[in-house]
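The structure under discussion appears below in the form of C-alpha cells.
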C-alpha cells in the first residue's frame with residue numbers, strides 16, 4: 001500500500017475528529033472557520049481554472065461533480081443561500097466521501113504519475129468538501145422535505161452534463177459522463193444492459209438519500 005492510499009484513509013478520519021471538535025466551539029468561531037475554508041476553496045479554483053483557460057488552447061470548464069461542487073458549495077455558504085444548504089451538505093459529503101473511498105482503493109494507480117502539487121491540491125479540495133459537508137450535516141437537522149432541493153441539484157448536474165457533453169467530444173473518459181450516459185456498462189455488456197443499469201443507478205441514488213438523512217439524524221445537534 002502506497003503513501004497515497006494511506007493518506008486517503010487517514011485524511012477522512014482526521015476530518016471526522018476535526019468536525020466533532022468544531023461542533024463544540026463557539027458558533028462565531030465555527031462560522032469563521034467554515035467560511036474561510038469555503039473562501040479559500042473558491043478562490044483557489046477560480047485562479048486555477050482561469051489560469052488553465054488562459055494558457056491553454058481551450059477554456060477549461062468544471063464538469064465533474066466534484067469540480068462543480070468546488071464552486072457551488074462555497075457560494076451557497078458564503079452567500080447564505082440557506083434554502084440550498086441541504087444540497088451543499090449532500091454534494092460536499094458525496095463528492096468528498098466518494099473521492100477518498102476511490103483514492104483508498106485506486107489512489108496509487110490514478111495519482112501515482114501525477115506531480116506533488118496536483119495530488120496535494122486535489123486531496124485538499126476534496127478534504128474541504130468533505131469537511132464542510134459533514135459540518136453542515138452535523139449542525140442542522142434537515143427535514144426530509146428538503147429532499148426536493150437535493151433532487152433539483154442532481155437534475156441540474158445531469159442536464160448540465162448533457163449540455164456540455166459535446167464540448168468534451170462526447171464526454172468519454174470523464175467520470176460524470178461515463179456515469180450518466182452508461183458508457184462503461186455499454187462497452188462491457190452491450191446496449192441491452194442499459195435499462196438495468198439505470199434502474200441500479202436510481203436505486204443507488206435513493207440509498208444515498210437515505211444514508212444522508214440517517215447520517216444527518218445521527219450527527220445533528222440542532223433539533224428541527
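Applying 0.36 nm per residue to the separation of residue 159 and residue 116 and subtracting their alpha-carbon distance, the gain on full extension is 12.1 nm. Extension gain, residue 30 to residue 214: 0.36 nm times the residue separation minus the Cα-Cα distance gives 63.9 nm.
Take 195-206, 136-147 and order them by the average number of nearby Cβ atoms within 10 Å per residue, most first; the result is 136-147, 195-206. Look at 210, 165, 35 and count the other Cβ atoms within 10 Å of each Cβ; fewest to most, that gives 210, 35, 165. Note on the chain: with a GNM built from Cα contacts shorter than 10 Å, the maximum mean-square fluctuation among 189, 175, 17 falls on 189. Spatially, region 82-96 and region 137-207 are offset by 16 Å when compared through their Cα centroids. Each label point was placed 7 Å from the Cα along the Cα-to-Cβ direction; for residue 81 and residue 43 their separation is 2.1 nm. Neighbour counting of Cβ atoms within 10 Å sorts the residues 217, 108, fewest neighbours leading, into 217, 108.
Plainly put, region 44-101 has a radius of gyration that is 1.05 times its Kirkwood radius, both from alpha-carbon atoms, as the Rg/Rh ratio.
Bear in mind these aren't lab numbers, they're just calculated from the coordinates by the rules spelled out. Being a predicted model, the structure only gives us computed values, none of them experimental. In this analysis, Cβ positions are derived from the backbone assuming ideal geometry, glycine residues included, and neighbour counts consider all displayed protein chains.
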